[in-house]
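What follows is one structure encoded as structure tokens, with my remarks underneath.
The values are calculated or read from the model by the stated rules, or taken from the named source; none is laboratory data. Just so it is clear, the structure is predicted and the values come from calculations on it, not from any experiment. For neighbour counting, all protein chains shown are included, and Cβ atoms are generated from backbone atoms with ideal geometry for every residue, glycine included.
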Amino acid sequence: MTIQNVLLTVDRISAWSGKLFAWLIVALALVVGVEVFKRYILNAPTPWIFDLNSMLYGTLFMMCGAYALAQNAHVRGDFLYGSMRPRTQAGLDLALYILFFIPGIVALVYAGYGYAELSWRINEHSNVTADGPPIYHFKSFIPIAGALVLLQGFVEIVRCVVCLRTGEWPARLKDVEEIDVVGTQIANSEYVDTESREVASHSRDIEDAAKHRGSTESSPRHGGKP
Amino acid sequence: MSDPMLGLTMLGLIVAAIMMGFPTAFTLMGMGMLFGALAFFDPAQHWWENRIFDLMVQRTFGAMNNDTLISIPLFVFMGYLIERSALVDRMFRAVQLAFRRLPASLAVTTLLVCAFWGMASGIVGAVVVLMGVIALRPMLNAGYDVRLASGAITAGGTLGILIPPSVMLIVYAAVAGQSIVKLYAAAMLPGFFLATMYIIYIMGRAILNPSLAPKLSPELYRVPVPDWLVRLEIGPENRIVGGLLLALARPGMLQDATYLRLLKNVAAALLPLLLTIALFSLAWWFVLVRNAPVDATVPPEMMIERSVDIQASTDLSTPGDEDEESSTTEAGAVPLGTTALSPAAGAQADHVPEGFYTQFWGFAAFMALLLGYYYWRMDGEQLEILKMLTVSVVPLAVLTLSVLGAILFGITTATESAGIGSIGAMYLAGMQRYPRLALWGTLIGAVIGASLGTIQHNTMTIIISGVLGGLFGGAAATWGRDLLGPLRMLDILRQSVFLTAKTTAMVCWLFVGSALFSAVFALHGGQQLIEQWVLGLNLTPLQFMIVAQLIIFILGWPLEWTEIIVIFIPIFIPLLAHFDIDPVLFGTMVAVNLQAAFLSPPVAMSAFYLKGVAPPHVTINQIFAGMMPYMLIVILLLAIMYMWPGMVLFLPEFLYGR
């Protein structure tokens, strides 16, 4: 098993768990919609809806942190970074993962465990309403999400090391991106000529180039495709 | 150990640290951890007992429980769904045909479609690339000036992040502890004013110098009219309305066309009239029924006091927490349609605003005249264009406007509107694929909803529950059918869900990092030091405003709006009170200002996005030159907003009282 396989396996774990919890957004939309009907039309508001909503939302974004990290989707101030050579990028990233990333995420796992454990021990319930639902399982997601992000962080550190040695960023898993909407739209369009269709098929490269404030020809994709 | 100098070091280092390109969420988190560990350092403790670990977890849980941020995933989800289901290409064609007689019609259309499209998603890059493909070539082929054409696309694409429902304003609301509702209301007028100024600029240039935007050749915008409609046209002006009405009575005139087809055309022709009537009756209902006082025996003074209390608690609440709760208790606890005491009603003892009837009937008469003229002049071509608009623009416009309207008029909270908006977006996606099924689902759902609504014995509740029921029914029918069988829409849903997850994680983790960072910054007393320093400069409010906006403008070059709002806005917010600047006004000005920053050479990213799709002969300098005038218009707007804050604050004060 090569290093690249290990990297991609962990990427898959992060992506899989993130995508699993991503579906909570559909649940959140439905819960909010049904509650609007219940509250305003049937005049029967649900007392614990506030807690349920934040649980769905909080769990969603925490559990998708590792997925976003695996996809390099966390926003970077990449104005200077984008124009550096991969080796320089990897060196900077490596140092900052150890200096910045590890302490905060370790805190999430370590202190988060204590935080959740206390909540379980005292059988903590929400205090938004008088008779709130239990929230210890919600708090348990802090150390769990922290552990996932930490695992993904180790993989990112290995990526930096690999890049320092080879001078190239190891590949990441392929996934849907915002800019893909251009392809979807053009595929369904009626009035666009073939020349434009051709241009639109390179939308991902256009995005990369734009992020580095450069033209389309240079600048290979950060991370590349497997 | 805590020390203001350490706080200042934090601030100085953070700018450098962000520029190193590490994911900003973790940069903030790491800086917070390191400096926090110093602040909490206690020699008697082991290092692992340092309280910074607990602070980190507390702050994380705070973000998980933040009920302002909760609407972000919902709005983002709605935007992604709309982006993937509605067809921008058809929308562009329909709007262009509708505006074909205007000067520079292609550029005006481009600007409008860009802004409308960006409203849904709030992502500049994708809009610019998409419109670059769809609109740039037609404009260049028609002989438009390169600069005019590229300016319209980049300015329009950027406009989308300002006009509500904008995710940027939600993040500002969460950071500054303001209410989303007020910010949305505040951004409405400047947003539309900016769009109007852009359009005036484009048309003005085209009128002064027609060679910049030559008229399209007639065959490019000729709309084919089916034969049976041509036969119904009357007179040399080809007027169609009379013919349609006659044919309703005498089906013999149709010859080969079916009666159902005629009915569909009549329905499409009636749509503008119906929408106008719906709009006016909603205004009537809102002012006269919903805002009527609960109990006439309550003295006006008490009502004023109550609304003042509500406002005060809203203003004092920390990170937007109680905001939504208080608006829930205001608007939510009272069932729809019964007589609720909304703040606007409370602020005015007499619940009908002065001059309401005159204004209402004045507008109604004006609209009636306008519609009358429209129908009088309507020919077969116009009807065909109207049908295209009905298919491509109207559903999305109705959805967006109802979501916004429900928020602005305090009918639902922002979260609830966003939830309904997401379901509405699913409905639109379903309707595109399974129109017939959507129709039946809607009808059945509407009947069920309306009958459930009868328990309140109130016409408005029955109507609204019918609409909601129809929405749920249509969405359930189409998606149920698709997910059980052909799975043709699964891809759209999966893409939207996964992108929502990534974007939400990005924004909210950034918020976690910044929450820790600002807590530690305050712990060191850095905030106090900055305040003393700024106050020591003896700036006038005007000077302060200019300096603050200038800093944000410059930060807008290298950074994205997420970073600017989450990291730097918290530093400015406590200073606002000293200079007597309304945080809502400030937030709106920041949002407008970032428009200028994103349109300014030589770093604006949208220019490079456009360059990527443009034909090779378009140079980056031409694109920048095209963006410049729009940037100047934005700066002009900023000046107007500062000199006349009423433009920003009028709507929030009108709707929610002071």
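The table below lists the values:
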| quantity | calculated |
| --- | --- |
| Residues being more than 8 Å from chain A (Cβ to nearest Cβ) and either touching a Lys or Arg at 6+ places or on another chain (Cβ under 8 Å) or surrounded by fewer than 22 Cβ atoms within 10 Å (Cβ to Cβ) (or both) - total across segment B:130-149 | 8 |
| Segment B:1-52, subset polar (S, T, N, Q) and more than 20 Å from A:Leu92 (Cα to Cα), residue farthest from the other protein chains (Cβ to nearest Cβ) | B:Ser2 |
| Selection count, segment B:361-417, where residues are in contact with an Asp or Glu (Cβ under 8 Å, 6 or more places away or on another chain), outside any helix (DSSP H, G or I) and over 30 Å from A:Val36 (Cα atoms) | 1 |
| Search result, residues across segment A:46-71 that are more than 7 Å from chain B (Cβ to nearest Cβ) and free of Cβ contacts under 8 Å to residues at least 60 places away in the same chain | A:Thr46, A:Ile49, A:Leu56 |
| Residues (facing chain B (nearest Cβ under 9 Å) and either in a strand (DSSP E or B) or of a type in the set (A, V, I, L, M, F, W, C) (or both)) located in segment A:99-115 | A:Leu99, A:Phe100, A:Phe101, A:Ile102, A:Ile105, A:Val106, A:Ala107, A:Leu108, A:Ala111 |
| Evaluation of B:Val175 against (1) buried (at least 24 other Cβ atoms within 10 Å of the Cβ); (2) within 30 Å of B:Pro616 (Cα to Cα) (one fails), failing number | (2) |
| Conditions (1) over 28 Å from B:Ala94 (Cβ atoms); (2) within 8 Å of chain B (Cβ to nearest Cβ); (3) in contact with a Leu (Cβ under 8 Å, 6 or more places away or on another chain): number failed by A:Glu178 | (1) |
| Exclusive hit being under 21 Å from B:Ile640 (Cα atoms) and touching an Asp or Glu at 6+ places or on another chain (Cβ under 7 Å), set B:Pro574, B:Pro541 | B:Pro541 |
| Residue within segment B:539-556 that is closer than 23 Å to B:Ala625 by Cβ and of a type in the set (Phe, Trp, Tyr) present | yes |
| Members of segment A:74-98 that are closer than 23 Å to A:Leu173 by Cβ, assigned to a loop (DSSP other than H, G, I, E, B) and in contact with a Pro (Cβ under 9 Å, 6 or more places away or on another chain) | A:His74, A:Val75 |
| Checklist (1) on the phi < 0 side of the Ramachandran plot; (2) surrounded by fewer than 17 Cβ atoms within 10 Å (Cβ to Cβ); (3) touching a strand residue (DSSP E or B) at 6+ places or on another chain (Cβ under 9 Å) applied to A:Ser126, failing item | (2) |
| Enumerated helices (runs of 4 or more DSSP H) restricted to segment B:549-658, each holding at least 2 residues that are surrounded by 23 or more Cβ atoms within 10 Å (Cβ to Cβ) and at pLDDT 90 or above | B:583-598, B:620-643 |
| Selection count where residues are aromatic (Phe, Trp, Tyr) and within 30 Å of the chain's Cα centre (by Cα), scope segment B:482-534 | 4 |
| Some residue of segment B:381-396 being at pLDDT below 85 and exposed (fewer than 14 other Cβ atoms within 10 Å of the Cβ) | no |
| The lone exception for B:Val127 - which of (1) assigned to a helix (DSSP H, G or I); (2) within 14 Å of chain A (Cβ to nearest Cβ); (3) in contact (Cβ under 8 Å) with a residue 40 or more places away in the chain it fails | (3) |
| Filter result for B:Arg494 (of a type in the set (Lys, Arg) and more than 23 Å from B:Val76 (Cα to Cα)) | no |
| Filter pass, B:His578 being more than 28 Å from the chain's Cα centre (by Cα) and either under 25 Å from B:Ala25 (Cα atoms) or among the hydroxyl-bearing types (Ser, Thr, Tyr) (or both) | no |
| Meets criteria (in contact (Cβ under 8 Å) with a residue 12 or more places away in the chain, hydrophobic (A, V, I, L, M, F, W, C), crowded, with 22+ Cβ neighbours inside 10 Å and more than 10 Å from every other protein chain (Cβ to nearest Cβ)) for A:Leu164 | no |
